[in-house]
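To start, the structure under review is shown below, and the notes come after it.
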Amino acid sequence: MNELIALSAAEAAERVRAGEIDPGELFDAYRQRAAADDLNAFTWVADEAPRDHDYAHTPLGGVPVAVKDLFCTEGVPSQSGSKILEGYRPPYSATVVRNLAEAGAPLLGKTNQDEFAMGSSNENSAFGPVLNPWDRRRVPGGSSGGSAAAVAAGLAPWAIGTDTGGSIRQPAALCGVVGLKPTYGACSRYGMIAFASSLDQAGPFTRNVTDAALLFRHMVGQDRRDSTSLEFPEPIELPRGEDLKGVRLGIPEELVGADAGVDPGVRASFDETLRLAEELGATLEPCQLPHASHALSAYYLIAPAEASANLARFDGVRYGLREDGASDLTTMYSRTREVGFGPEVQRRIMLGTYALSSGYYDAYYGKAQKVRTKIAEDFRGAFERFDFVITPTSPWTAFELGSKTHDPLAMYLNDFCTVPMSLAGIPAISIPSGLSEGLPVGFQLAGPAFSEPRLLAAAYALEQAIGFDGSPARA
């Protein structure tokens, strides 16, 4: 079993196709590990492998995938980490999940998350917090913390999550795995339980960049059920590059400078990765993103506003929790939402509703959208000079459970380096760059829209040079 777990997903798929590994044995090895999960990373685990599938003739070779709880999966609990959807089993599967199944990646389990993807620590889940496999006293990051922790701990060979403001990249950094946020529209949002529709995007968690490219290849594509999805403009090849010759990297002072609040250990790891990038042939220069420092403020108006609209559908009438005993319909609505939604979700609904209310729309939501436009323009200007913009993924390593739950602003600052890319709709990837005091540090590269093939190639070259081999015990 340990030999199977030690294989990368790409290696396991290749060996299944070569007839060297039985896909059922591979599935069972991971199913047993996921079922014994002591990190609270899973909310549901499959009982057995799907039958009557010829995985030897599929591109993903029967390598099972863990799926974040907010993706609808037919007949399987899809609860978005919320009590209001506890036990909900949808009659259909999300397009991304269906695409992966058709490519040969069966569903291993559903992973825990912050409720409706609102959080940076996975402590907002109605099903309890996920623990970081590097240190069980610490958070795995969020909102896709269950997916990140499962891959880091070897409970799943790879996983998918969603990124609205950093919810793939930040937990990937805190758990020491690779996390890719694609270009907005690259992956269909159909069947993803919505948080903020103009920001949400699906992406992979993997142990290495090659696996990320392989899984991402089968997630993309236009979908008639999602009008915001687009056909990916070029094939996604597995990265092979060994250097960064000719690659221009921009370092934004607004996100990396002395006033950005980056932890010294994280900064040291970042600087060492810059040195390696130069050795590989890259050129590094400072760049400016003048409006990036306003990204968090804009994000926490836009995202809650969209959430207040999206979550209005959870009213106790059509599906999910219903609090009975109310004397009238309005009271039933109120009681259901009070009991069903957790404190952070309630906070964001109220913020968003206020920002959209009469007399405040232009002052808050409208102004935030103008800032978003400026941030996108800043990135377009930067990419006229640079191939990629680089930052630490998170200003800090994994923090202790409960240390920020009573200070929302401190929690929101975890996404300081990731939110600008989400507002601009551009792709970004986090790769492990080393350890600081025994905890993983993430290095982020961001590129222009639909530059994922070049982004993956650059990340691969850096990954080989860094040689990160740290992992919590997978024995």
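Using beta carbons and a limit of 6 Å, which pairs, at least six apart or on different chains, have the first residue in the range 78-97 and surrounded by fewer than 24 Cβ atoms within 10 Å (Cβ to Cβ) and the second one among the acidic types (Asp, Glu)?
The qualifying pairs are 92/74; 93/74.
Only one residue in 314, 379, 399 is of a type in the set (Phe, Trp, Tyr), under 25 Å from the mean Cα position of the chain (by Cα) and over 30 Å from residue 265 (Cα atoms), so which one is that?
Among 314, 379, 399, only 314 is of a type in the set (Phe, Trp, Tyr), under 25 Å from the mean Cα position of the chain (by Cα) and over 30 Å from residue 265 (Cα atoms).
Just wondering, is there one or more residues in the range 185-200 that are under 28 Å from residue 225 (Cβ atoms), without any contact (Cβ under 8 Å) to a residue 60 or more places away in the chain and not basic (Lys, Arg)?
The answer is no; no qualifying residue exists.
Given the options 36, 18, name the one that is closer than 25 Å to residue 142 by Cβ and free of Cβ contacts under 8 Å to residues at least 12 places away in the same chain.
Only one candidate qualifies: 36.
Where residues in the range 231-260 are at negative phi and small (Gly, Ala, Ser), which of them is surrounded by the most Cβ atoms within 10 Å (Cβ to Cβ)?
Restricting to residues being at negative phi and small (Gly, Ala, Ser), the top hit is 250.
Going through 450, 399, 443 one at a time, which residue ends up being among the aromatic types (Phe, Trp, Tyr), at pLDDT 95 or above, in contact with a strand residue (DSSP E or B) (Cβ under 9 Å, 6 or more places away or on another chain) and surrounded by fewer than 24 Cβ atoms within 10 Å (Cβ to Cβ)?
399
Looking only at residues that are in contact with a helix residue (DSSP H, G or I) (Cβ under 7 Å, 6 or more places away or on another chain), within 28 Å of residue 367 (Cα to Cα) and among the polar types (S, T, N, Q) in the range 261-317, which one is surrounded by the fewest Cβ atoms within 10 Å (Cβ to Cβ)?
288
List the residue pairs whose Cβ atoms are under 8 Å apart, where the first residue sits in the range 62-74 and is touching a residue at least 12 places away in the same chain (Cβ under 8 Å) and buried (at least 24 other Cβ atoms within 10 Å of the Cβ), the second is small (Gly, Ala, Ser) and in a strand (DSSP E or B), and the two are 6 or more positions apart or on different chains.
65/159; 66/109; 66/159; 67/109; 67/159; 68/159; 68/161; 71/202
Give the range 352-382 a look and list any residue that's among the hydroxyl-bearing types (Ser, Thr, Tyr) and assigned to a helix (DSSP H, G or I), or say none.
The answer is 353, 354, 364, 365, 373.
If you go through the range 447-472, how many residues are part of a loop (DSSP other than H, G, I, E, B) and touching a residue at least 12 places away in the same chain (Cβ under 8 Å)?
Number satisfying all stated conditions: 9.
Just give me the residues in the range 1-59 being closer than 30 Å to residue 81 by Cα and among the polar types (S, T, N, Q), in sequence order.
Scanning the range 1-59 gives 8, 32, 40, 43.
Those residues that are crowded, with 24+ Cβ neighbours inside 10 Å and among the charged types (D, E, K, R), I need them from the range 111-150; list them, please.
114, 115
What's the number of the condition residue 369 fails, among (1) touching a residue at least 40 places away in the same chain (Cβ under 8 Å); (2) within 23 Å of residue 168 (Cβ to Cβ); (3) not aliphatic (A, V, I, L, M)?
For residue 369, the failing item is (2).
Out of 335, 322, report the one residue that is crowded, with 16+ Cβ neighbours inside 10 Å, without any contact (Cβ under 8 Å) to a residue 24 or more places away in the chain, in contact with a helix residue (DSSP H, G or I) (Cβ under 7 Å, 6 or more places away or on another chain) and farther than 20 Å from residue 254 by Cα.
322
Among what's in the range 355-376 and is more than 27 Å from the chain's Cα centre (by Cα) and among the polar types (S, T, N, Q), pick the residue that is surrounded by the most Cβ atoms within 10 Å (Cβ to Cβ).
Step by step, filter the range 355-376, then rank; the result is 357.
Can you confirm whether residue 337 is over 30 Å from residue 257 (Cβ atoms), charged (D, E, K, R) and in a helix (DSSP H, G or I)?
yes
Could you list, in sequence order, all residues of the range 403-443 that are among the acidic types (Asp, Glu) and either in a loop (DSSP other than H, G, I, E, B) or over 17 Å from the mean Cα position of the chain (by Cα) (or both)?
407, 437
Considering only residues that are of a type in the set (Gly, Ala, Ser), under 24 Å from residue 95 (Cβ atoms) and in contact with a strand residue (DSSP E or B) (Cβ under 7 Å, 6 or more places away or on another chain), which ones fall in the range 142-182?
144, 146, 147, 148, 150, 156, 159, 161, 167, 172, 179
Which residue pairs have Cβ atoms closer than 8 Å, lie 6 or more positions apart in sequence or on different chains, and pair a first residue in the range 214-233 that is under 24 Å from residue 64 (Cα atoms) and among the aromatic types (Phe, Trp, Tyr) with a second residue that is modelled with pLDDT under 95 and in a loop (DSSP other than H, G, I, E, B)?
none
Taking the options 355, 410, name whichever one is small (Gly, Ala, Ser) and without any contact (Cβ under 8 Å) to a residue 24 or more places away in the chain.
410
Please state which one of 200, 211 is of a type in the set (Asp, Glu), within 25 Å of residue 82 (Cα to Cα) and at pLDDT 95 or above.
Result: 200 is the single residue among 200, 211 that is of a type in the set (Asp, Glu), within 25 Å of residue 82 (Cα to Cα) and at pLDDT 95 or above.
Answer yes or no: is there a residue in the range 48-59 that is of a type in the set (Val, Ile, Thr), surrounded by 19 or more Cβ atoms within 10 Å (Cβ to Cβ) and in contact with a helix residue (DSSP H, G or I) (Cβ under 7 Å, 6 or more places away or on another chain).
So far as the range 48-59 goes, no, none of its residues is of a type in the set (Val, Ile, Thr), surrounded by 19 or more Cβ atoms within 10 Å (Cβ to Cβ) and in contact with a helix residue (DSSP H, G or I) (Cβ under 7 Å, 6 or more places away or on another chain).
Being touching a helix residue (DSSP H, G or I) at 6+ places or on another chain (Cβ under 8 Å), part of a loop (DSSP other than H, G, I, E, B) and of a type outside the set (S, T, N, Q) is the filter here, so list the residues in the range 70-80 that pass it.
70, 72, listed by residue number.
The values are calculated or read from the model by the stated rules, or taken from the named source; none is laboratory data. No experiment lies behind these values; they were computed from the predicted model shown. With ideal geometry, Cβ positions are generated from the backbone for all residues, glycine too; neighbour counts draw on all protein chains shown.
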